[in-house]
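The values are calculated or read from the model by the stated rules, or taken from the named source; none is laboratory data. Model, not experiment: these values are computed from the prediction. Every residue, glycine as well, gets a Cβ built from its backbone with ideal geometry; the counts of neighbours run over all protein chains shown.
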Amino acid sequence: MLIFDRFKIDSIYIFLIIIILSKLEGIMNSTHILRKGFLVLLGLLFSASLWAHGGAAGTDTDQCKFELEPTHWLHYTAYQPNAFPAEDFCANLPRANEMTLLVFDYQDMKYRDMAVEFEVTKEPEGTRVFFLPAAKHKKGTVELKLPNGVPEPGKYLIHITLVPDAGNRLDAHMGFSAGGGKAVSKNNLLLYAFFALAGLYVLYLSHAGFKSKVDEAIAKLKS
């Protein structure tokens, strides 16, 4: 749900900007080139918003996933909802000692009938900070709740172990860091760039001198 909340927020921002620009276009004339440019930019932002959350299920563009067996994947998303509502994370958690959710979605139906064990360890010491015994998760989604998050900044490993009824255990793991602060996501950078370009667009529509210079530059590029 948090992923969809973030996507809805991004979509609302873009939708509001479209309305504002449409109103301005109804009042003032703008060039065909700029209108097309903004439509292309909106398309890029929409695509970036989707890919920032992993893209289509099961594709190689998704970096937050475990390959339990060749071509068999399990998707992973981390949240710190009290501090960062509607934000999702992967390899970097902004805070230590912060309530954290680690959510795993099976992308292969067969794992729903297999016992899977989850563990989080502090590295390089290997100290266990969370453990969920092997169990079958018929819904295909597993949510690990760490009420106090991880105990200190540093590097951690998530271990996922298949525990078959017979045969060898199969272990996969992914590293993450915690406590490094919140970096600006690529999705946010694209939104900031869009707002900057939207401001220039408004300036173009409202300032005759700026519009004249832009039109001259476009004419030179076309010649």
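A few remarks follow.
- Residue in region 109-131 that is at pLDDT 95 or above, surrounded by 14 or more Cβ atoms within 10 Å (Cβ to Cβ) and outside any strand (DSSP E or B) present: no
- Leading residue by the ranking (farthest from the chain's Cα centre (by Cα)) among those in region 67-108 that are among the β-branched types (Val, Ile, Thr) and crowded, with 17+ Cβ neighbours inside 10 Å: Thr100
- Flag for Val163 being at pLDDT below 95, surrounded by 14 or more Cβ atoms within 10 Å (Cβ to Cβ), assigned by TED's automatic domain parsing to the domain that holds Asn82 and more than 23 Å from the chain's Cα centre (by Cα): yes
- Pairs where the first residue, in region 84-101, is outside the structural domain of Ile158 (by TED's automatic domain parsing) and under 15 Å from Leu144 (Cα atoms) and the second is at pLDDT 90 or above and in a loop (DSSP other than H, G, I, E, B), C-beta under 7 Å, 6+ apart: none
- In region 132-148, the residues that are part of a strand (DSSP E or B) and within 22 Å of the chain's Cα centre (by Cα): Thr141, Val142, Glu143, Leu144, Lys145, Leu146
- Selection from region 114-129 of residues that are in contact with a Lys or Arg (Cβ under 9 Å, 6 or more places away or on another chain) and either without any contact (Cβ under 8 Å) to a residue 24 or more places away in the chain or not assigned by TED's automatic domain parsing to the domain that holds Glu143 (or both): Arg128
- Scanning region 52-89 for residues that are among the hydrophobic types (A, V, I, L, M, F, W, C) and at pLDDT below 90 gives Ala52, Ala56, Ala57, Cys64, Phe66, Leu68, Trp73, Leu74, Ala86.
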